[in-house]
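One structure below.
Please treat every number below as a calculation from the coordinates, not as lab data. Note that this is a predicted model, so its numbers are computed, not measured. Here the Cβ is made from the backbone with ideal geometry for all residues, glycine too, and neighbour counts use every protein chain on show.
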Amino acid sequence: CRDAGGWYYVLLFPPSVPSAPPQLSIVSTSSTDIRLMWRPLSSQHSRGAVTRYHIEYSTLDQVDTVFSVEVRGNETQFTLRELQPNQDYRLRIAAGTGIGFGVPSEWALHQTLANHSMVIFAPTELKVRARVDILNVTWHPSPNHTLVSGYKLSCREVEADESDNGEKTTQTHTIRLRKKARYHLLTGLVPDQQYEVRVWAFNKQIDGAAAVWKGRTDKTHDRGKIYLTACVRKKSSIQAAANSSTSILLRWEKPRFSNVRIINYTVRCSPAGTTNASLVSYYTSSAQEILLGALRPFTRYKLAVQSNGVDVVGPFSGTVEESTLSDRPSTPPEELQLSALDSSSVVASWRPPLEPNGIIISYRILFSGNLSQPEHLWENLSQDGSITSVEVQGLSSDTRYFFKLEASTEVGPGPFSPVKDVHTPLQIYGMCQKVHAIYR
């Protein structure tokens with residue numbers, strides 16, 4: 001700065017306390033745990049090296065009893081343990097340098113899970129379709145599916161005298177499947193053998209109750225199989241066309257040069273490129289076409305057809321591939337983060353939707369200083385779908401702003417993200433004027 005006499009003054013700013021708190025994310029991992037997550041502060045807001053974080057928390061019905069814990073400055077998450085189940089807590093965090101701690105975040109409210117929420121119910125509608133050496137297992141999700149991390153499936157042979165002798169055991173094979181699994185194909189089994197199949201959900205803490213099926217594989221028909229394999233050639237004409245974002249219409253020709261009367265057809269469907277047997281689905285059709293539904297939008301599927309006679313099955317055809325159409329995103333953009341750059345601008349950043357259902361062509365950001373204001377009165381900005389951050393300028397100082405955003409494909413927009421807020425700092429006028437006034 002230069003005063004009226006032509007003198008220059010250099011202002012040096014020593015390290016200070018952070019000017020803003022970290023943005024806090026909260027999630028429950030069990031009925032007695034709460035996990036806190038945050039991002040490091042920018043250099044502008046940290047005002048020096050952050051060496052520690054200070055976390056405070058209390059139950060909502062005992063706000064005068066506040067517990068605290070300090071975490072090292074290189075950490076970005078911490079889990080509070082041994083809390084009370086089904087209890088409302090308030091939590092906040094502050095960042096600190098060697099000088100001291102900055103202003104803490106506003107109190108955030110969070111409720112721990114109830115004890116009974118850790119009971120995982122059995123999957124519903126367990127069905128098993130038996131063939132000579134194959135069991136095609138399907139099921140619907142557990143009623144409290146949100147607690148589920150995945151599924152387990154076991155299969156074992158059931159001995160003829162097992163019901164009379166409780167001590168007799170057979171080898172059990174157990175496999176782990178993804179949370180989205182609804183099917184699994186058990187192959188290489190013994191013909192005309194009784195099996196027991198169990199399916200249950202699990203998470204990191206417990207295993208859920210099992211759905212159980214007992215039944216027998218079909219008897220072998222070797223002569224019929226050889227005849228059908230020799231006489232029925234694989235389908236040479238299969239046509240697939242996307243019907244919507246969740247369905248594909250599949251048509252095929254009847255096998256030629258066959259003396260076997262076709263009873264029905266089996267259609268095999270799986271996402272292209274997958275090697276996970278649990279993602280393979282099987283459908284039956286008595287006609288020479290089928291509309292495959294309940295598929296994922298904007299996903300490429302691999303399809304094949306098999307002929308079925310009386311007690312005989314033919315080989316699967318060669319595969320064709322077809323993609324479902326795109327759709328609106330079914331989930332909002334994730335991890336919206338807001339950071340005030342100065343008294344009149346804010347940087348917003350985010351991640352694309354978990355289920356975009358197509359190519360994201362644009363994002364729309366809405367913001368307002370009044371949360372109760374009708375949505376059509378909020379300010380809005382549009383951003384190209386390849387960009388996941390924007391600087392919002394022209395804001396008022398010392399004002400709390402509320403933000404939310406949505407993603408759009410060519411079909412249309414998806415849901416809005418949860419509303420998040422940020423507070424612009426109070427405008428600080430020129431330091432030169434203050435220095436000049438002092439030296440006058």
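Here the extension length gained between F416 and H140 equals 96.5 nm, from 0.36 nm per residue of separation less the Cα-Cα distance.
Of L24, G73, I55, which is farthest on the positive side of the dipole of segment 24-114, counting Cα position, with +1 on Lys and Arg Cβ, -1 on Asp and Glu Cβ, and the Cα centre as origin? Among L24, G73, I55, the one farthest towards the positive end of the dipole of segment 24-114 is G73. Taking θ as phi - 60° and the Karplus parameters 6.51, -1.76 and 1.60, the scalar couplings of segment 336-344 work out to 5, 10, 10, 8, 6, 7, 7, 5, 10 Hz in sequence order, x denoting glycine and proline. Highest mean packing comes first when the peptides 46-54, 291-299 are listed by Cβ atoms within 10 Å, giving 46-54, 291-299. In this structure the amide hydrogen of G150, modeled in the peptide plane, comes within under 5 Å of the amide hydrogens of F202, none closer than 5 places in sequence on its chain.
FRET efficiency for the pair L426 and V71, taken as 1/(1 + (r/R0)^6) with r the Cβ-Cβ distance and R0 = 22 Å, rounds to 0.15. Within the shell of other residues whose beta carbon sits under 13 angstrom from the beta carbon of A272, the net charge comes to +2, with Lys and Arg scored +1 and Asp and Glu -1. For K420, go through the aspartates and glutamates and keep the ones whose alpha-carbon is under 17 Å away, minus same-chain ones fewer than eight residues off. Result set, ordered by chain and number: E106, E334, E335, E375, E379, E391, D398, E406. The slack between H376 and R90, meaning 0.36 nm per residue of separation minus the straight C-alpha distance, is 99.7 nm.
Here the Karplus curve 6.51 cos²θ - 1.76 cosθ + 1.60, taken at θ = phi - 60°, turns the phi angles of segment 82-97 into couplings of 6, 8, 8, x, 6, 10, 7, 10, 10, 9, 8, 9, 9, 9, x, 9 Hz, with x standing for Gly and Pro. Residue order for K254, K219, K404, fewest other beta carbons within 10 angstrom first, comes to K219, K254, K404.
Length gained on full extension, D384 to S247, computed as 0.36 nm times the residue gap minus the Cα-Cα distance: 46.4 nm. Listed values for segment 100-107 are Karplus-derived 3J(HN,Hα) couplings in whole Hz (6.51 cos²θ - 1.76 cosθ + 1.60, θ = phi - 60°), namely x, 8, x, 5, x, 5, 5, 4, and x replaces Gly and Pro. With neighbour counts taken as other beta-carbon atoms within 10 Å, the residues V132, V212 rank, fewest first, as V212, V132.
For D342 and R81, the FRET efficiency from 1/(1 + (r/R0)^6), where r spans their Cβ atoms and R0 equals 35 Å, is about 0.35. When the listed pairs K302/K404; K254/K302; K219/K302; K127/K219 are checked against a 28 Å cut-off, the alpha-carbon distance exceeds it for K302/K404; K219/K302.
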